[in-house]
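K.L.:
I have a structure I would like to understand better, so I am pasting it below and will then ask my questions one at a time.
The values are calculated or read from the model by the stated rules, or taken from the named source; none is laboratory data. As the structure is a computational prediction, the values presented were derived from the model and not from experiment. Cβ sites come from the backbone with ideal geometry, for glycine too, and all protein chains shown count toward neighbours.
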Amino acid sequence: MAAPTTASRFARPLALAAAALAAGAAYTFFARPRPDPSPTSYGPVRIVATHPDASVNGARRITVALPATLAETLKTTPPVPFFFNVKNTDLVVARSYTPVHIDVQNRTMDLLVKRYKVGETSKWMHRRSVGDEIEVNGPLREWTLPAPSELSALRDAKDPPTLAMIAGGTGVTPFIQILESALGHSMSPDPTAAQSRPPASDAAAAWPRFSLIYAAPENDLLAKQQLDALAAKFPGRVSVHYVTNGRQALTADVLRDALPAPGQGMVLVCGPDGLINHVAGRRGWDSQGPLGGLLAQLGYRANEVYKF
Ligand SMILES: Cc1cc2nc3c(=O)[nH]c(=O)nc-3n(C[C@H](O)[C@H](O)[C@H](O)COP(=O)(O)OP(=O)(O)OC[C@H]3O[C@@H](n4cnc5c(N)ncnc54)[C@H](O)[C@@H]3O)c2cc1C
């Protein structure tokens, strides 16, 4: 047999090396396990259900399976409210969504996503199907709800303090999350998920009373059935007031009736800019801005109010 030439002697090892490199690169791109989602990195979660919200035309409840590490984080009743960023991989933009139900037994969480006609990511989310993976980053927090005992504004409170929440549109989602966490009551429409929320153990549970004012058109009230069920289950502890005939119907009288008096609670406001301006004055880009609007007229102080 003829001795191999120098070229053919190197050809085989080079080919093997090239194949090994290619395999390594393929492993890096396709086979290496991607990290679970965390506050510092995006990771994949799989959609296991997606259904229209019963009360809103144009909103979907999207249930995703939680990877083990994320399920552990959320099982220990993390401080609320928290949200996840979801990457729209068609446009390489991200939008934030607030989980409205965590199921610890089945290791899932529900996002409630309203579809905006001119919104790209909400429409993209509505087009996702069961089995699709989405990239999420979280849980993230801009602010953490304190217990009443942590608030200097409540030092002279005479009544059991009330946590009041004023929401417009999808601004209700952090409040649904706070209520589920505080009361250990499932906010899933699925009755089999009723016992799957861990008992509340964080600052939210320390609030004796909750009052939610929810402003949105009648056919735009997200999770209305769950909110009504909550008010029925906890009479005296939870009250829900709907304002369905426009922002102008959110008057000082409506607020006076539904809110704790100044010094007797805390008021959270979340929704479109117009609603926040009307109720509590303009929020700064990276600050709360001065308290204004109806709450200032009614005598609340800035340290009793938080604007999302
Ligand atoms: C911390 C946080 C939590 C959020 N949680 C949720 C949630 O649980 N469910 C949910 O559906 N959305 C939530 N949002 C809003 C969400 O992140 C997106 O802004 C929304 O889905 C629209 O994105 P888009 O790309 O489809 O539309 P965009 O192109 O961003 O906007 C489309 C149009 O919708 C208007 N718009 C966007 N968001 C709102 C809003 N919240 N209220 C009124 N008008 C709005 C915009 O002004 C614009 O005219 C949250 C936002 C933040 C910052």
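K.L.:
Can you tell me which residue is nearest to Leu255 (Cα to Cα) among those in the range 292-308 that are within 16 Å of the ligand (Cβ to nearest atom) and surrounded by fewer than 22 Cβ atoms within 10 Å (Cβ to Cβ)?
P.N.:
Tyr306
Rundown of residues vs (1) among the aliphatic types (A, V, I, L, M); (2) more than 22 Å from Thr98 (Cα to Cα); (3) out of contact with any His (no Cβ under 7 Å at 6 or more places or on another chain); (4) surrounded by fewer than 22 Cβ atoms within 10 Å (Cβ to Cβ), yes/no style:
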| residue | (1), (2), (3), (4) |
| --- | --- |
| Pro189 | no, no, yes, yes |
| Ala205 | yes, no, yes, yes |
| Leu221 | yes, no, yes, no |
| Lys224 | no, no, yes, yes |
| Pro235 | no, yes, yes, yes |
| Pro262 | no, yes, yes, yes |
| Val269 | yes, no, yes, no |
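K.L.:
Residue check: is Leu250 within 16 Å of the ligand (Cβ to nearest atom) and more than 21 Å from the chain's Cα centre (by Cα)?
P.N.:
For Leu250, the condition - within 16 Å of the ligand (Cβ to nearest atom) and more than 21 Å from the chain's Cα centre (by Cα) - is met.
K.L.:
Can I ask one more? Taking only the range 113-157 into account, find how many residues are under 24 Å from Ala71 (Cβ atoms) and more than 16 Å from the ligand (Cβ to nearest atom).
P.N.:
5
K.L.:
Next question. List every residue pair whose Cβ atoms sit under 7 Å apart, with the two residues 6 or more apart in sequence or on different chains, where the first one lies in the range 226-238 and is farther than 15 Å from Pro208 by Cβ and the second, anywhere, is in a loop (DSSP other than H, G, I, E, B).
P.N.:
Gln226/Met187; Gln226/Pro189; Leu230/His185; Lys233/His185
K.L.:
Here is a further query. With the range 226-308 as the region, which helices (runs of 4 or more DSSP H) entirely inside it contain at least 2 residues that are under 23 Å from Ser55 (Cβ atoms)?
P.N.:
252-258, 273-280
K.L.:
Could you tell me which of the residues Thr89, Thr108, Thr162 is closer than 21 Å to Leu183 by Cβ and either within 16 Å of the ligand (Cβ to nearest atom) or free of Cβ contacts under 8 Å to residues at least 40 places away in the same chain (or both)?
P.N.:
Thr108
K.L.:
Separate question: Only one of these is surrounded by fewer than 20 Cβ atoms within 10 Å (Cβ to Cβ) and outside the structural domain of Pro208 (by TED's automatic domain parsing): Asp110, Asp103, Asp132. Name it.
P.N.:
Going through Asp110, Asp103, Asp132 in turn, just one is surrounded by fewer than 20 Cβ atoms within 10 Å (Cβ to Cβ) and outside the structural domain of Pro208 (by TED's automatic domain parsing): Asp132.
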